[in-house]
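Notes follow once the structure below has been shown.
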């Protein structure tokens, strides 16, 4: 059951614009997950989207990396988002990380550079704690963090912005599933600190984007608190960018990844 891998490049309505790109569905055990793979050498760069987003958020970054590095680059849709199927089970961040790890194993990954945006940083935090030996480095683009959640409180971060009494799309169902579990997700992550043995870089947005000055300060303080916790961590300001760094300033992310790759030579 778990060994199902299906290329969907030739499926109706799906066009592959690069001979090096493979759109792939993998059965993660009851639900299929969608991966976009540009296969090359090691290490593998895994791009983790922000909350509510999918692999398409990383298209520009993925293309740039494919021309400027010899790494394998993978983006994917989390369960229920994009082309990935929605599981019939409650959200559990440990299970999300396990499913991802299983799929990456089938794709032949060994050493990973984890790159995540916003909510995706939570998935990266869980993954690096559960599979530390697989991780070479971590880059977090304007990440949401446990310290920020503690500052602003759960009420602000668990609001659902659409009418749940009406029929929902799969993406909306996935959003509700993730939001309902948010408190338990944060409590789980408290027991999963970032490893001090894995180099970590935070790319913090230059432009404020929260509606209140205090919230923006809490956001930036949370980034600084993580970076200050270990000597192998760095904070870089994503000049000219608001929150969506992958699409507003993709070059900042590409440059950070290339610097890490240079250090591995």
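Remarks
- Every pair of residues 6+ apart whose Cβ atoms lie under 7 Å, when the first sits in region 199-216 and is without any contact (Cβ under 8 Å) to a residue 24 or more places away in the chain while the second is buried (at least 20 other Cβ atoms within 10 Å of the Cβ) and outside any loop (DSSP other than H, G, I, E, B): 210/219
- Selection count, region 63-81, where residues are out of contact with any strand residue (DSSP E or B) (no Cβ under 6 Å at 6 or more places or on another chain) and assigned to a loop (DSSP other than H, G, I, E, B): 5
- Being in contact with a helix residue (DSSP H, G or I) (Cβ under 6 Å, 6 or more places away or on another chain), modelled with pLDDT of 95 or more and surrounded by fewer than 18 Cβ atoms within 10 Å (Cβ to Cβ) is true of residue 210.
- Test set (1) at pLDDT 95 or above; (2) closer than 29 Å to residue 162 by Cα; (3) surrounded by fewer than 24 Cβ atoms within 10 Å (Cβ to Cβ) - residue 52 fails condition number: (1)
- Residue selection: residue 100 satisfies the criterion of being in contact (Cβ under 8 Å) with a residue 12 or more places away in the chain, part of a helix (DSSP H, G or I) and either within 23 Å of residue 175 (Cβ to Cβ) or in contact with a helix residue (DSSP H, G or I) (Cβ under 6 Å, 6 or more places away or on another chain) (or both).
- Odd one out for residue 229, checked against (1) crowded, with 17+ Cβ neighbours inside 10 Å; (2) outside any helix (DSSP H, G or I); (3) more than 18 Å from the chain's Cα centre (by Cα): (1)
- Scan of region 234-253 for residues that are surrounded by 20 or more Cβ atoms within 10 Å (Cβ to Cβ) and not in a loop (DSSP other than H, G, I, E, B), ordered by number: 238, 245, 246, 250, 252, 253
The values are calculated or read from the model by the stated rules, or taken from the named source; none is laboratory data. The shown structure was predicted, so the numbers you read here are calculated from the model rather than taken from an experiment. Glycine also receives a Cβ, built like all others from the backbone with ideal geometry; neighbour counts cover every protein chain displayed.
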